[in-house]
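Engineer: Dropping the structure in here first, questions after.
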Amino acid sequence: MEAAPGTPHSVDREEIFVALTGEARVEIGGQDLGLAPGDALIVPAGESFSLYNPGAAPFTALAVLPVGGRALLPGGEPFSPPWVL
């Protein structure tokens, strides 16, 4: 199974991901980085990034975004991701 690319987006508050299982890739600040169990990623507010799973094994992470945090897709309206409600 081929990996689907991540969707570039930003958030209006700092967001933190802690990788729990599997692996993921993140494109941020012109870099392509890997995430493995135990790794943490801090996304600054307003920074465009995309996160995706490059393989067939599931990737799970703890995502921390302050209550009321909003995401923004290019050309779209801000919205609240399901995990901030």
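The values are calculated or read from the model by the stated rules, or taken from the named source; none is laboratory data. Because the structure is predicted, anything quoted here is derived from the model rather than measured. All Cβ positions, even for glycine, are placed from backbone atoms using ideal geometry, and neighbour counts span all protein chains on display.
Engineer: How many residues does segment 9-39 hold that are modelled with pLDDT of 95 or more, surrounded by fewer than 14 Cβ atoms within 10 Å (Cβ to Cβ) and outside any strand (DSSP E or B)?
Structural biologist: Within segment 9-39, residues that are modelled with pLDDT of 95 or more, surrounded by fewer than 14 Cβ atoms within 10 Å (Cβ to Cβ) and outside any strand (DSSP E or B) number 3.
Engineer: Identify all residues within segment 68-85 that are without any contact (Cβ under 8 Å) to a residue 40 or more places away in the chain and in a strand (DSSP E or B); write none if there are none.
Structural biologist: 79
Engineer: Being of a type outside the set (Ser, Thr, Tyr) and within 14 Å of residue 83 (Cβ to Cβ) narrows it down to one of 61, 45, 57, 24, so name that one.
Structural biologist: 61 is the lone residue from the list that is of a type outside the set (Ser, Thr, Tyr) and within 14 Å of residue 83 (Cβ to Cβ).
Engineer: Next question, about the same structure. Please go through (1) modelled with pLDDT of 95 or more; (2) surrounded by 14 or more Cβ atoms within 10 Å (Cβ to Cβ) for residue 45 and return the number of the only condition it doesn't satisfy.
Structural biologist: All conditions are met except number (2).
Engineer: Restricting attention to segment 40-67, which residues are part of a loop (DSSP other than H, G, I, E, B) and free of Cβ contacts under 8 Å to residues at least 40 places away in the same chain?
Structural biologist: Within segment 40-67, 44, 45, 46, 47, 57, 58, 67 meet the criteria.
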